[in-house]
Amino acid sequence: MVHFSAVVPPPANVRRHFLPWATPLLPQAVAWLAREWSGAGPLNLSSWLVVVPTRQAGRRLREALAEYAATRDQAVFPPRVVTPELLVTQAVTAGTPTANRLESLLAWTEVLRAVDLAEVRAVLPHDPPARDFAWALGLGRELARLQSTLAEGGWRLSDVASRAGETCPELDRWRELGELERRHAARLAELGLLDAQAARIEATLAPTQVCDFARIAVIGAPDPLPLALRVLAAHAATLPVDVVVYAPESEADNFDSWGRPQAAAWAGRELKIAAFGERVRVCADPAEQVAWITALAQATPEPETTLGIGVADPELLPLLEKGCARVGIAAFNPEGRARRHDGLYPLLAALAQFAAVPDFAAVTTLARCPDILEWLRARADGRFSAAKFLRQLDQLGANHLPPTLAAARAQAALFPEVELALAALAELRTTLTRGRFPSNAAAALMELFAGRELEAAGVLAESAEAWMAQLREIEQALARGGSVALTATEAWQLALGAFADEVRTGERQVGAIDLLGWLELLWDDAPHLVVAGFNDGRVPSAIVGDVFLPETLRERLDLKRNAERFACDAYLLASIAAARTSTNGRLDILLGKTTASGDPLRPSRLLLRCADAVLPERVTQLFQPVAAARPSPPWARAWKLRPRVAAVPTQLSVTAFRDWLACPFRFYLKHVLRMTRVEPEKTELNALDFGILMHEALQQLGQEPALRDCVEATQLSDFLIERFERIVRLRYGAELTLPLVVQFEAARQRLRAAAEVEARERADGWRTEHVEWKIELVIGGLVVKGKIDRIDRHADGRVRVLDYKTGDTSGKPIAAHLRSECEDDLDRPEWLRMSDAEGKSRAWTDLQLPLYRLAVAAIWGDAVACGYFNLPKAASETAVILWDDFSRETQASAEACATGVVSAVLAGQFWPPRELTGRDAQQDEFAELFHGGAEASIAWEERS
């Protein structure tokens with residue numbers, strides 16, 4: 001392999017020309033190219049090859065040449081305008097079978113998956129967690145990036161070890177990397193292909209001659225690729241090459257023969273910015289920068305021609321685009337946006353996930369894609385409600401926790417909208433997995449959009465066409481790869497990654513303002529230029545912590561270092577500032593104190609390149625505390641919730657009293673408006689789900705006559721476990737997630753402990769008379785209904801009411817029903833409180849057991865006991881706990897409280913809400929509605 005130094009000496013017939021900073025570069029470049037044109041006849045530059053730094057610079061040059069010719073009513077035959085990158089690419093002989101990006105990546109994945117890791121321990125000292133396609137693809141991309149960086153200087157991975165010398169500390173690693181690259185090249189050679197970077201390097205040694213051109217000009221390109229300079233040097237042997245530098249002739253010594261700024265000359269140079277104190281503005285954050293620029297654009301007549309906007313920080317670009325759109329200003333980003341930001345990408349990512357594993361999470365993700373909802377609506381001839389479908393899907397997920405699509409379909413009979421939609425999604429997955437990728441992926445997309453009319457020039461249609469083109473490229477790469485055998489999941493990963501990285505450049509609207517990158521600004525001719533995001537790390541750019549190519553190694557390889565980057569950026573700032581002084585334009589520079597996420601930023605070091613006498617003043621200005629342009633007001637609600645007016649209930653459940661006592665307003669939401677919390681992302685049982693399963697198994701034990709007198713714990717336990725398993729299969733199916741497996745085992749342990757306690761209680765003479773016994777009371781004119789978990793009777797005639805409690809800890813009945821009085825209770829009705837045996841005033845929090853006693857006493861007398869059958873996490877604490885000091889006074893107070901609650905409900909007394917704290921606040925199911933307090937969040941209207 002022949003290689004060369006990045007320092008390219010120019011032949012004798014490469015000449016430099018200098019254009020002064022008095023006016024912007026673009027009009028001077030046009031005048032320089034047309035200097036021999038008399039104006040008679042068209043401006044004919046077709047024999048010129050012009051190299052400019054970026055595509056945007058080329059577009060502006062062609063436009064400006066056309067405008068220049070039009071001033072004399074003439075046309076222009078433009079030059080061929082290329083970037084340095086394109087110049088190198090075109091040097092490769094036509095027909096050379098170079099591998100494209102996908103083919104190269106596939107070859108890398110094959111090499112990396114096949115290599116014996118013991119052979120590359122300097123590269124991979126530790127085995128990867130999973131040596132799969134994703135790992136190989138990620139590492140392959142990193143190695144491809146490294147190849148591209150080295151190729152800028154004409155190097156291959158295999159060249160580095162010999163070039164760096166024996167003193168290089170990473171010599172073994174580079175030798176192993178070189179061997180990996182050799183195997184990569186060998187694999188491509190088996191396919192009849194050359195590595196693209198290797199082909200470019202070889203081509204620059206003897207580039208294809210540009211026979212159609214008589215002259216070559218390099219204009220305003222301060223940082224061309226070294227490979228491009230090698231091509232230019234080769235062409236200069238037969239053609240004159242002019243290097244046009246945008247700088248005064250007096251600056252000649254500060255540039256090399258190719259017009260690149262000399263690092264030593266620009267390292268300590270003083271950079272002059274007119275009216276620095278007024279025109280360099282420190283902003284609090286990106287939002288303030290965007291607001292400042294959009295306000296300026298609105299106030300500027302014809303901003304598309306008089307105002308230039310430069311963006312040095314890429315983070316600002318999307319914010320600035322949105323800001324301009326918000327105020328009605330058309331903006332154009334010449335750099336384009338990666339397709340991962342296209343609206344189609346989330347759909348494709350969801351399809352990939354769904355094709356790989358049809359789990360329920362993939363189903364719910366896919367179901368929330370607008371295009372899927374539209375497809376489902378079209379399949380149902382419009383008789384499809386997206387809102388109803390998503391609501392039912394969330395309910396199915398919360399109730400049954402299905403792990404897969406198949407498990408969800410098995411539980412979908414009670415959800416008609418979901419049942420039909422899941423059947424359609426199952427058909428879609430069949431399409432996705434039938435046959436080979438990418439034909440199945442293309443077929444799925446065609447099925448989804450078959451019934452829709454897409455605007456031919458619309459963004460969605462353009463994205464879909466780009467995706468189909470990507471699939472065709474994948475198909476060709478896989479076909480050429482021969483032995484490459486990817487799973488469907490791996491193929492989707494490859495295709496999605498390539499599609500996500502592809503850049504889309506939209507159409508430029510007439511009159512749009514260009515949002516230019518830092519390197520584009522040299523070619524902008526607007527008299528007023530604003531540069532945003534002028535922070536260190538953005539300008540000057542720098543590479544820090546490159547694990548493969550640190551600065552010392554870059555120096556040995558003659559690759560661009562941070563010193564050259566600094567010199568180039570310093571030159572760019574000096575140029576655009578000198579072209580816009582107080583007399584011939586204006587330059588405004590904006591820099592931020594923080595990023596959008598609040599991370600601190602430093603001012604650009606270039607802004608501190610000034611005379612020593614001025615430096616303290618600049619430091620003070622650039623590092624001063626900055627308040628937001630619009631000081632952030634205290635958080636305030638945009639609106640308050642206005643609950644609808646609804647009729648009070650005609651009946652209550654026994655447990656509803658607890659809700660009113662906890663908070664009358666939350667009671668209104670839950671029992672009057674019937675609001676419930678849905679947990680669509682729930683992946684395990686919540687406390688209610690867990691309790692219901694335990695209750696159902698215990699209920700069936702109490703209803704089994706054959707075991708009524710059984711006192712054998714083992715027999716009782718076996719029955720409980722068998723019934724529990726049956727309930728679980730019915731509700732959750734045979735496929736269970738790991739969290740459910742763990743929770744169900746915990747439930748079994750509790751049921752076994754319950755069987756032990758049950759056996760002891762029965763041996764002591766207790767028998768269960770009723771389970772899930774329905775009661776109905778009339779309190780204050782309102783019907784109260786409930787179900788008692790179990791009613792037991794002893795052989796001696798005693799009766800007790802028990803309620804199962806499956807919380808993590810054991811609970812005492814009195815603690816669950818009464819709490820210590822607090823200051824807020826003093827303003828509440830007297831019926832909410834009672835005095836205990838010690839004379840202490842306590843407040844009611846629940847009336848469940850007293851109301852159960854009230855219903856049971858009518859049949860079994862006033863001596864009925866009440867309590868809990870606790871089944872906590874600690875099996876040793878499983879026990880029956882009675883309310884020992886329950887008295888007639890306690891019962892009477894509870895009944896008075898119940899009557900008071902009923903009266904309040906019938907009177908519509910649901911306000912004010914109670915502000916919850918501590919554990920109550922953590923368990924509040926309506927917490928998301930009340931930011932900063934319940935009362936402040938609600939616009940309540942008194943109910944009449």
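The values are calculated or read from the model by the stated rules, or taken from the named source; none is laboratory data. Because the structure is a prediction, the values reported are computed rather than measured. Note: ideal-geometry Cβ built from the backbone for every residue, glycine included; neighbour counts use all protein chains shown. Note: accessible area is taken over every heavy atom of the protein model, side chains too, but ligands, DNA and RNA are not part of it. Shrake-Rupley method; radii C 1.70, N 1.55, O 1.52, S 1.80 Å.
Yes or no: the range 686-704 includes at least one residue that is within 30 Å of residue 912 (Cβ to Cβ) and among the acidic types (Asp, Glu).
Step one: of the range 686-704, the residues within 30 Å of residue 912 (Cβ to Cβ) are 686-688.
With the extra rule that they be among the acidic types (Asp, Glu), the set shrinks to none.
No: the range 686-704 contains no residue that is within 30 Å of residue 912 (Cβ to Cβ) and among the acidic types (Asp, Glu).
Does residue 153 satisfy being more than 19 Å from residue 478 (Cβ to Cβ), open to solvent by less than 20 Å² (accessible area, probe 1.4 Å) and modelled with pLDDT under 95?
Numbers: more than 19 Å from residue 478 (Cβ to Cβ): yes; open to solvent by less than 20 Å² (accessible area, probe 1.4 Å): yes; modelled with pLDDT under 95: yes.
Yes: the conditions hold for residue 153.
Would you be able to say whether some residue in the range 210-224 is assigned to a helix (DSSP H, G or I), under 27 Å from residue 55 (Cα atoms) and either hydrophobic (A, V, I, L, M, F, W, C) or open to solvent by less than 50 Å² (accessible area, probe 1.4 Å) (or both)? Break it down into steps so the answer makes sense when it comes.
Filtering the range 210-224 for residues assigned to a helix (DSSP H, G or I) gives none.
So far as the range 210-224 goes, no, none of its residues is assigned to a helix (DSSP H, G or I), under 27 Å from residue 55 (Cα atoms) and either hydrophobic (A, V, I, L, M, F, W, C) or open to solvent by less than 50 Å² (accessible area, probe 1.4 Å) (or both).
Being charged (D, E, K, R) and in contact (Cβ under 8 Å) with a residue 60 or more places away in the chain is the filter; apply it to the range 380-414 and report the residue that is least open to solvent (accessible area, probe 1.4 Å).
Going residue by residue through the range 380-414, those that are charged (D, E, K, R) are 381, 383, 388, 391, 394, 409.
Okay, now just the ones that are also in contact (Cβ under 8 Å) with a residue 60 or more places away in the chain, so 391, 394.
Values: 391: 123, 394: 27 Å².
Restricting to residues being charged (D, E, K, R) and in contact (Cβ under 8 Å) with a residue 60 or more places away in the chain, the top hit is 394.
Which of the numbered conditions does residue 53 fail, given that it passes all the others? Conditions: (1) open to solvent by 20 Å² or more (accessible area, probe 1.4 Å); (2) modelled with pLDDT under 95; (3) not hydrophobic (A, V, I, L, M, F, W, C).
Result: residue 53 fails condition (2) only.
Could you tell me which of the residues 144, 118, 134 is of a type in the set (A, V, I, L, M, F, W, C), assigned to a helix (DSSP H, G or I) and in contact with a Phe, Trp or Tyr (Cβ under 7 Å, 6 or more places away or on another chain)? Can you show your working first?
Working: 118 fails: in contact with a Phe, Trp or Tyr (Cβ under 7 Å, 6 or more places away or on another chain); 134 fails: in contact with a Phe, Trp or Tyr (Cβ under 7 Å, 6 or more places away or on another chain).
Result of the check over 144, 118, 134: 144.
Look through 199, 233, 267 and report the one residue that is out of contact with any strand residue (DSSP E or B) (no Cβ under 7 Å at 6 or more places or on another chain), modelled with pLDDT under 95, of a type in the set (A, V, I, L, M) and open to solvent by less than 40 Å² (accessible area, probe 1.4 Å). Steps first, answer last, please.
Details: 199 fails: out of contact with any strand residue (DSSP E or B) (no Cβ under 7 Å at 6 or more places or on another chain); 267 fails: open to solvent by less than 40 Å² (accessible area, probe 1.4 Å).
Just one listed residue meets the conditions, 233.
Checking residue 425 against (1) crowded, with 21+ Cβ neighbours inside 10 Å; (2) closer than 22 Å to residue 677 by Cα, only one condition comes out false. Which one?
So the condition that residue 425 fails would be (2).
When you check residue 853 against the structure, is it assigned to a strand (DSSP E or B), basic (Lys, Arg) and in contact (Cβ under 8 Å) with a residue 12 or more places away in the chain, yes or no?
Details: assigned to a strand (DSSP E or B): no; basic (Lys, Arg): yes; in contact (Cβ under 8 Å) with a residue 12 or more places away in the chain: yes.
For residue 853, the condition - assigned to a strand (DSSP E or B), basic (Lys, Arg) and in contact (Cβ under 8 Å) with a residue 12 or more places away in the chain - is not met.
What number of residues in the range 291-302 are open to solvent by less than 20 Å² (accessible area, probe 1.4 Å) and either in contact (Cβ under 8 Å) with a residue 40 or more places away in the chain or among the basic types (Lys, Arg) (or both)? Let's see the steps before the verdict.
First, pick out the residues of the range 291-302 that are open to solvent by less than 20 Å² (accessible area, probe 1.4 Å): 293-294, 297.
So of that shortlist, the ones also either in contact (Cβ under 8 Å) with a residue 40 or more places away in the chain or among the basic types (Lys, Arg) (or both) come out as 293, 297.
Residues flagged as open to solvent by less than 20 Å² (accessible area, probe 1.4 Å) and either in contact (Cβ under 8 Å) with a residue 40 or more places away in the chain or among the basic types (Lys, Arg) (or both) within the range 291-302 amount to 2.
Looking at the range 767-788, is at least one residue assigned to a strand (DSSP E or B), of a type in the set (S, T, N, Q), open to solvent by less than 40 Å² (accessible area, probe 1.4 Å) and touching a helix residue (DSSP H, G or I) at 6+ places or on another chain (Cβ under 9 Å)?
First pass over the range 767-788, keeping only residues assigned to a strand (DSSP E or B): 767-779, 782-788.
Now narrow it down to the ones that are of a type in the set (S, T, N, Q): 768.
Right, trim to open to solvent by less than 40 Å² (accessible area, probe 1.4 Å) and you get 768.
So of that shortlist, the ones also touching a helix residue (DSSP H, G or I) at 6+ places or on another chain (Cβ under 9 Å) come out as 768.
So far as the range 767-788 goes, yes, one or more of its residues are assigned to a strand (DSSP E or B), of a type in the set (S, T, N, Q), open to solvent by less than 40 Å² (accessible area, probe 1.4 Å) and touching a helix residue (DSSP H, G or I) at 6+ places or on another chain (Cβ under 9 Å).
Identify all residues within the range 164-177 that are assigned to a helix (DSSP H, G or I), open to solvent by less than 80 Å² (accessible area, probe 1.4 Å) and either among the β-branched types (Val, Ile, Thr) or over 13 Å from residue 108 (Cα atoms) (or both); write none if there are none. Spell out how you get there, then give the answer.
Initially, the range 164-177 is screened for residues assigned to a helix (DSSP H, G or I), giving 164, 171-177.
Add one more test, that the residue is open to solvent by less than 80 Å² (accessible area, probe 1.4 Å), and what stays is 164, 171, 173-174, 176-177.
Passing the criteria: 164, 171, 173, 174, 176.
Looking at 563, 567 in this structure, which one is open to solvent by 40 Å² or more (accessible area, probe 1.4 Å) and within 19 Å of residue 604 (Cβ to Cβ)? Write out each step before concluding.
Working: 567 fails: open to solvent by 40 Å² or more (accessible area, probe 1.4 Å).
After ruling out the rest, the residue left standing is 563.
When you scan the range 329-343, do you find a residue that is surrounded by fewer than 20 Cβ atoms within 10 Å (Cβ to Cβ), touching an Asp or Glu at 6+ places or on another chain (Cβ under 7 Å) and more than 30 Å from residue 369 (Cβ to Cβ), even just one?
Checked against the condition, which is being surrounded by fewer than 20 Cβ atoms within 10 Å (Cβ to Cβ), touching an Asp or Glu at 6+ places or on another chain (Cβ under 7 Å) and more than 30 Å from residue 369 (Cβ to Cβ), the range 329-343 yields at least one hit.
Identify all residues within the range 77-105 that are surrounded by fewer than 17 Cβ atoms within 10 Å (Cβ to Cβ), assigned to a loop (DSSP other than H, G, I, E, B) and among the hydrophobic types (A, V, I, L, M, F, W, C); write none if there are none.
94
Report whether or not residue 800 is part of a strand (DSSP E or B) and modelled with pLDDT under 95.
Working: part of a strand (DSSP E or B): yes; modelled with pLDDT under 95: no.
So residue 800 fails the test.
Mind checking which residues of the range 730-758 are outside any helix (DSSP H, G or I) and not charged (D, E, K, R)? Reasoning before the result, please.
First pass over the range 730-758, keeping only residues outside any helix (DSSP H, G or I): 733-737.
733, 734, 736, 737, listed by residue number.
Could you list, in sequence order, all residues of the range 81-107 that are over 23 Å from residue 146 (Cβ atoms) and among the small types (Gly, Ala, Ser)?
94, 95
If you check residue 555 against the conditions, is it open to solvent by 10 Å² or more (accessible area, probe 1.4 Å), modelled with pLDDT under 90 and not basic (Lys, Arg)?
Details: open to solvent by 10 Å² or more (accessible area, probe 1.4 Å): yes; modelled with pLDDT under 90: yes; not basic (Lys, Arg): yes.
Yes.
From the set of residues in the range 524-533 that are open to solvent by less than 10 Å² (accessible area, probe 1.4 Å) and out of contact with any Phe, Trp or Tyr (no Cβ under 9 Å at 6 or more places or on another chain), which is nearest to residue 574 (Cα to Cα)? Break it down stepwise before answering.
So the first thing to find is which residues in the range 524-533 are open to solvent by less than 10 Å² (accessible area, probe 1.4 Å), and the list is 526, 529-533.
Imposing the further condition that a residue be out of contact with any Phe, Trp or Tyr (no Cβ under 9 Å at 6 or more places or on another chain) reduces the set to 526, 529.
Values: 526: 16, 529: 13 Å.
Among those residues, the one meeting the criterion is 529.
Looking only at the range 687-729, count every residue that is open to solvent by 20 Å² or more (accessible area, probe 1.4 Å) and not in a helix (DSSP H, G or I) and tell me the total.
Summing the residues that are open to solvent by 20 Å² or more (accessible area, probe 1.4 Å) and not in a helix (DSSP H, G or I) in the range 687-729 gives 5.
Assess whether residue 858 counts as being among the small types (Gly, Ala, Ser) and not in a loop (DSSP other than H, G, I, E, B). Spell out how you get there, then give the answer.
Working: among the small types (Gly, Ala, Ser): yes; not in a loop (DSSP other than H, G, I, E, B): yes.
Answer is yes for this residue.
Is at least one residue of the range 882-897 closer than 30 Å to residue 757 by Cα and without any contact (Cβ under 8 Å) to a residue 12 or more places away in the chain?
Yes, the conditions are met somewhere in the range 882-897.
Take the residues of the range 896-926 that are open to solvent by 60 Å² or more (accessible area, probe 1.4 Å) and within 17 Å of residue 941 (Cβ to Cβ): which is farthest from the chain's Cα centre (by Cα)?
Selected residue: 909.
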